[in-house]
1. Roughly what % of DSSP beta bridges within segment 79-281 run antiparallel, to the nearest 5?
2. Using a ≥ b ≥ c from the Cα gyration tensor of segment 3-74 (square roots of the eigenvalues), is it rounded, prolate or oblate, where a/c under 1.5 gives rounded and otherwise the larger of a/b and b/c decides, a/b for prolate?
3. Hey, got a sec? Which trypsin sites (Lys or Arg not before Pro) in segment 224-258 land in a DSSP loop and have at most 15 other Cβ atoms within 10 Å?
4. Rounded, prolate or oblate for segment 79-281? Axes are the square roots of the Cα gyration tensor eigenvalues, ordered a ≥ b ≥ c, and the cut-off for rounded is a/c under 1.5.
5. Which residues does a label at residue 44 reach in segment 1-25, if reach means a backbone N under 11 Å from a point 7 Å past the Cα toward the Cβ?
6. Which value, in debye to the nearest 20, describes the size of the charge dipole of segment 3-74 about its Cα centre when Lys and Arg Cβ atoms bear +1, Asp and Glu Cβ atoms bear -1, and nothing else is charged?
7. With the contact rule set at Cα under 8 Å and sequence spacing of 6 or more, what percent relative contact order holds for segment 79-281?
8. What order do you get for 163, 230, 36 when you list them from fewest to most C-beta neighbours inside 10 Å?
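Values in this text are rule-based calculations from the coordinates and carry no lab data. Just so it is clear, the structure is predicted and the values come from calculations on it, not from any experiment. Counting neighbours? That spans all protein chains shown, and the Cβs are built from the backbone with ideal geometry, glycine included.
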Amino acid sequence: MSRAEALAAGRGYLRNSQVEAANEDARLLLLDACGVDPVALVTDGGRPLTEPEADRFATSLDRRAAGEPTSRIIGRRPFWSLDLAVRAGVLDPRADSEALVRLAVRIANRSGAPPRRILDLGCGSGALLCALLSEFDGAYGVGVDLSAEACAASQANIAKCGVGDRAAVLRASWCEALTGSFDLVVSNPPYIRAADIAGLDREVRDHDPPLALDGGEDGLDAYRALFAAVPRILSPGGAFAVEFGFRQEGDVARLAAVGGLRKIDSERDFSGRDRASAFAVV
């Protein structure tokens, strides 16, 4: 079977398996199986698959048809301008979170001075921290996560993105291990209501870690902890930007006000939904 024939067959298999992005997923899985770039898939479409390539492609298709995300199968995910490694036990970064990066960059640029110290609370894969350090080459970043797997993933991506000399990762609960102050703090905390987790898409429910999803009974537990702790570590004039879920913007803003913070800006995701807000100390 040629590469072109394999691609057509793979697309048909995934469509029959009700995979929404069947065409693109099949393409990515074939590229990974063959170890080639997208141009080679077009220019050498008539080249036969080797037996190892065919076996790997078939296995990957079966995994995708069973609900495993393509990013987890191939072990990487594009985010912002970066190519990040994805590993088991760590939240898979998604395009929605780029809204938080856009917001943080806009707020920092508006301040008139680039941030010197950046903090990512609940850093997971390190996606947010890596993206922000790629935008502000004079900044030093710190990532904090309670999960050992997440800390290891963040460290790996920090090195992969070439910012290892400007970042550190701490295993801790939110701000408890931190001293000093930060000009820009970001967080994509768990915000799914506990009762809603069972109803999530299988790509999320079965493959993202519960620690990164479960926001407690009302989905807002992490925000209560964050807004109580972050004001003490914000530099004068600093900003705290957070991501949230569908229809949570008002609740998040109210909790921020209780913590002595005022909303200064917000950003929507690519679907047009409110996704992130930025706050400063009153």
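1. Values: 12 of 32 bridges.
Percentage antiparallel, nearest 5: 40.
2. Numbers: a/c = 1.70, a/b = 1.55, b/c = 1.10.
In terms of gyration-tensor shape, prolate.
3. On the way: sites: 224, 232, 247, 254; in loops: 247.
Those satisfying the criteria are 247.
4. Details: a/c = 1.42, a/b = 1.08, b/c = 1.31.
Because its axes are fairly even, with a/c under 1.5, segment 79-281 counts as rounded.
5. Zone members listed by number: 3.
6. Details: 9 positive and 12 negative charges, 26 e Å.
So the magnitude is around 120 debye.
7. Values: 434 pairs, mean separation 46.9, N = 203.
Relative contact order here is 23 percent.
8. On the way: 163 21, 230 26, 36 16.
So the ranking, lowest neighbour count to highest, is 36, 163, 230.
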